[in-house]
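What follows is a short report on a single structure.
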Amino acid sequence: VQFACAQLRHDELKAQMDTFAQPFQMQWSLHAQAQPMRAVILVSKEGHCLNDLLFRWKSGLLPVDIRAIVSNHRTFEALAASNGIPFHHLPLATGSGAEAKRAQEKQVEALVYEQQIDLVVLARYMQILSSEFCQFLRGRAINIHHSFLPSFKGAKPYYQAHDRGVKLIGATAHYVTADLDEGPIIEQDVARVDHSKTVEDLTALGRDTESQVLARAVKWHSEHRVVLNGHKTVIFK
């Protein structure tokens, strides 16, 4: 089936696609490339991924419209202001219970509704999300973590890796699900290391890898190149 796309308005093309798809019960979507994806970034105290995303965004390398930065700390409030991005401080006290965490998550949900957010990026947001929040964000939230999981869980994973003499460090970007750090994988990368590397070297390499992997995942998603296929993804490059 061919459409004379150059002579059709966006709404006309959508109507023709709908007419074609209905008899086959097809699921489809149509996106205008000129419309950047509305995004919000969640971050805690580590800013390497946030800084990288902001640089790429300001350089025109990411087709996103960053509507807000949300954090449970005030660490990057000034950075948000310097980039002209609204900053939302939504604190969580140490040891906050499930009820307090859910109340904080609902504030993020309200922001997503209000700003009509298409993508939520967890740029080293160090909070475990509730199953309700994960369901709310299904298919539109991307997280980044070091690829040592599940080998090196908990605090200071690069110290653990150094003690074990690892030869590869890496990072994984994936969609958020209720299964912690086990959502459909979008992108991964690794860097080789050896005995000469210090903990500080491993940490620096790891942060660089995390930043690059997350940026690629955000770019591909915002360009509508990622298709979810069950627990896997298909990336059209």
- Those residues of segment 1-41 which are within 23 Å of K219 (Cβ to Cβ), modelled with pLDDT of 75 or more and open to solvent by 90 Å² or more (accessible area, probe 1.4 Å), in sequence order: Q35
- If you take the residues of segment 72-84 that are aliphatic (A, V, I, L, M) and without any contact (Cβ under 8 Å) to a residue 24 or more places away in the chain, which of them is nearest to V108 (Cα to Cα)? A80
- Message: Please go through segment 216-237 and give me each residue that is surrounded by 20 or more Cβ atoms within 10 Å (Cβ to Cβ) and assigned to a helix (DSSP H, G or I), ordered by number.
- Response: A217, V218, H221, S222
- Taking segment 50-75, which residues are over 25 Å from Y113 (Cβ atoms) and open to solvent by less than 40 Å² (accessible area, probe 1.4 Å)? D52
- Considering only residues of segment 189-215 that are in a loop (DSSP other than H, G, I, E, B) and not hydroxyl-bearing (S, T, Y), which is most open to solvent (accessible area, probe 1.4 Å)? H195
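Residues checked against (1) open to solvent by 50 Å² or more (accessible area, probe 1.4 Å); (2) within 27 Å of L228 (Cα to Cα); (3) in a loop (DSSP other than H, G, I, E, B):
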| residue | (1), (2), (3) |
| --- | --- |
| T94 | yes, no, yes |
| E105 | no, yes, no |
| M126 | yes, yes, yes |
| F133 | no, yes, no |
| G139 | no, yes, yes |
| I144 | no, yes, no |
| A178 | yes, yes, yes |
| G183 | no, yes, yes |
| E187 | no, yes, no |
- Can you pull out the residues in segment 134-160 that are over 19 Å from K232 (Cβ atoms) and touching a helix residue (DSSP H, G or I) at 6+ places or on another chain (Cβ under 6 Å)? F136, H146, F148, F152, Y158, Y159
- Determine whether segment 148-168 contains at least one residue that is open to solvent by 70 Å² or more (accessible area, probe 1.4 Å), in a helix (DSSP H, G or I) and of a type in the set (S, T, Y). yes
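The values are calculated or read from the model by the stated rules, or taken from the named source; none is laboratory data. Just so we're clear, the structure is a prediction, and the values are computed from it rather than from any experiment. Counting neighbours? That spans all protein chains shown, and the Cβs are built from the backbone with ideal geometry, glycine included. Just the protein is used for accessible areas: all its heavy atoms, side chains included, with ligands, DNA and RNA removed. Shrake-Rupley method; radii C 1.70, N 1.55, O 1.52, S 1.80 Å.
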